[in-house]
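Below is one structure; the comments refer to it alone.
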Amino acid sequence: MSRRLAAPTIAESGFRNALLEAAEALFVGSAIRWRLAMHDDDVRRLEAYPLVARQLLLIAIEASANALKHSQARNIVYLFQWSDGVCQWSIRDDGVGFDLDTPAAGQGMGLSNMRSRAGILKNGNFLIDSRATGTSIVVTFALDTDIPP
């Protein structure tokens, strides 16, 4: 069965549920455990920006697919933080990591797609940190602070 992972899904189900559905679909049959750390107030604020929420969802799906395919991870954590209009979206796994300095690192479309999606966001930055203890994808960006919790 194909799932539709786009802005309408977020509009219909909400960001949290869209992410949970995507993670469940990706990790079914795997040993990966995952969790989302995101305050309810932040979910409501983020949902006021459906195009931003869509980019974050797609980044999470791509990072999760990479972790499932390459990392041998047992755990993945999705973390969203919002403070004074600056947001941080992190996806961290505890897999084997990879060497960012090798020619093969980043040759696929996954990291490139995530970097492009982060660049769409206001003041968007994309950072990847990969070590023998896992990989972290961190996207920082700005959002207006006039959305109440």
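The values are calculated or read from the model by the stated rules, or taken from the named source; none is laboratory data. Here the structure is a predicted model, which means the values were calculated and not measured. So basically every Cβ, Gly included, is an ideal-geometry build from the backbone, and we count neighbours across all protein chains shown.
Residues considered: 53, 23, 31, 65. Of these, the only one that is assigned to a loop (DSSP other than H, G, I, E, B), free of Cβ contacts under 8 Å to residues at least 60 places away in the same chain, under 18 Å from residue 91 (Cα atoms) and of a type in the set (Gly, Ala, Ser) is 31. Across the range 32-43, not a single residue is classified as buried (at least 16 other Cβ atoms within 10 Å of the Cβ), at pLDDT below 90 and touching a Lys or Arg at 6+ places or on another chain (Cβ under 7 Å).
Going through the range 81-99 one residue at a time, which ones are more than 16 Å from residue 117 (Cα to Cα), of a type outside the set (Ser, Thr, Tyr) and either outside any loop (DSSP other than H, G, I, E, B) or modelled with pLDDT of 95 or more (or both)?
Across the range 81-99, the qualifying residues are 81, 82, 86, 92, 93.
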